[in-house]
Every structure is written in structure tokens, then in C-alpha cells.
Amino acid sequence: MKRIKIMNEQFLPNYSHKPDALLKFSYFVEFENKKIKDGMKRCGLTTKDFCDWVGNDEISRAQDVRDLRKMFENDDIARILKEEGFQAAKYELSMSIPAYASRLFEHIEKCIIGLKRMSRDEEQSILSGEEPKKKEKIIELNEELLKFVKMIEKYEG
């Protein structure tokens, strides 16, 4: 298995002194993703770079390794990853994709998509009053959004 080889030959020789070094195996499992490997190669990054991000705790959770795929989708963020490291790229990713770093904005994104994809039948059912609880939630959402938009306008004005 390639991940064991990478961990044993490239990671552990430099980071085995860390108490949690052996617990990092799942990071290397996540690293085996083809999109990540291709992105690393395209950007001139190496397995050593990855080992250093893990060993220096720039990547703090195994699931964060998946973020590399998103980083490689944006040339500017990929450049930041190469030049400044994982944490700087992660910050930049959160600035360009609000849902990336915020559960609230993740839900907002899902809400927008859900509203756009709402079937005509469901829409008609809500509008005609057949589903009053859904109508209440839409109205409540609108009220909260209007309050926040007014705060934004006040702040900007």
C-alpha cells in the first residue's frame, strides 16, 4: 500500500518524535485521492510538502486533507498553498467560498439551492395555503434576512 510506504519512508523519519505521529495514518488515506495527487503534481508540490503540513500540524484533522481538492480548483489558492502553506490557503478558501468555513453559510447555500429547485407543485401548495407551516418558515426567513440587509445598508451608508 502506497500510503503506508509514504508514511513509513517520508513522514515518520521526520516526525516520529511527535506523540501523535502514528495516529496520522488516516491523513495519508485521504491523501490517496486522485484529484489531490493530480493537483499536487500540477502545482509542483510533493509528498514531502504534504508530510510537512501534517507533521507541523498545519492540517489539524484528517478530513481537512479533502480541502486540498477545493484548493486545487482555484489557481490563486493553489499558488498560495504552494508559497505560504496549508493554513494560508485554507483561509483564502474560506474568503472565496463562505460556506466552506461557516455552517451558517453552508445552510444558506443549501437554502438558496432548495428554493431554486422547489417543484412547481410544492410552490403552488405553499402559495395556496395548503402548507401553512412551510409558508410561516419562508416568511420568517424573509423577515430575518430583511433585518440583516438593513443592518448591512446602515453599516455601509
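The values are calculated or read from the model by the stated rules, or taken from the named source; none is laboratory data. Small disclaimer: the values here were computed from a predicted structure and weren't measured. Neighbour counts run over all protein chains shown; Cβ positions are idealised from the backbone, glycine included.
Residues in the stretch 76-94 that are surrounded by 11 or more Cβ atoms within 10 Å (Cβ to Cβ) and free of Cβ contacts under 8 Å to residues at least 12 places away in the same chain: 84, 88, 91, 94. Restricted to the stretch 48-73, and to residues there that are in a helix (DSSP H, G or I) and of a type in the set (Lys, Arg), the residue that is farthest from residue 87 (Cα to Cα) is 48.
Which members of the stretch 74-95 meet the condition of being outside any helix (DSSP H, G or I) and not polar (S, T, N, Q)? 85, the sole residue that qualifies. Among the residues making up the stretch 121-138, those that are over 32 Å from the mean Cα position of the chain (by Cα) and either closer than 20 Å to residue 108 by Cβ or not hydrophobic (A, V, I, L, M, F, W, C) (or both) are 121, 124, 125, 126, 128, 129, 130, 131, 132, 133. The set of residues in the stretch 92-128 that are among the hydroxyl-bearing types (Ser, Thr, Tyr) and modelled with pLDDT under 95 comprises 94, 96, 100, 102. Pairing residues of the stretch 1-19 that are of a type in the set (A, V, I, L, M) with residues that are surrounded by 12 or more Cβ atoms within 10 Å (Cβ to Cβ), at Cβ distances under 6 Å and at least 6 apart in sequence or on separate chains, gives 6/28; 6/47; 7/28.
Within the stretch 128-157, restricting attention to residues that are acidic (Asp, Glu) and part of a helix (DSSP H, G or I), the residue that is surrounded by the fewest Cβ atoms within 10 Å (Cβ to Cβ) is 156.
Residue by residue, here is whether (1) under 22 Å from the mean Cα position of the chain (by Cα); (2) exposed (fewer than 13 other Cβ atoms within 10 Å of the Cβ); (3) within 24 Å of residue 100 (Cβ to Cβ) holds:
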{"site": "4", "(1), (2), (3)": "no, yes, no"}
{"site": "9", "(1), (2), (3)": "no, yes, no"}
{"site": "18", "(1), (2), (3)": "no, no, no"}
{"site": "24", "(1), (2), (3)": "yes, no, yes"}
{"site": "37", "(1), (2), (3)": "yes, no, yes"}
{"site": "52", "(1), (2), (3)": "yes, no, yes"}
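Scanning the stretch 96-123 for residues that are part of a loop (DSSP other than H, G, I, E, B) and not hydrophobic (A, V, I, L, M, F, W, C), which turns out nearest to residue 139 (Cα to Cα)? Full working, then the answer.
Step one: list which residues in the stretch 96-123 are part of a loop (DSSP other than H, G, I, E, B), which gives 97, 102, 118-119.
Then keep just the ones that are not hydrophobic (A, V, I, L, M, F, W, C); that gives 102, 119.
Details: 102: 24, 119: 18 Å.
Result: 119.
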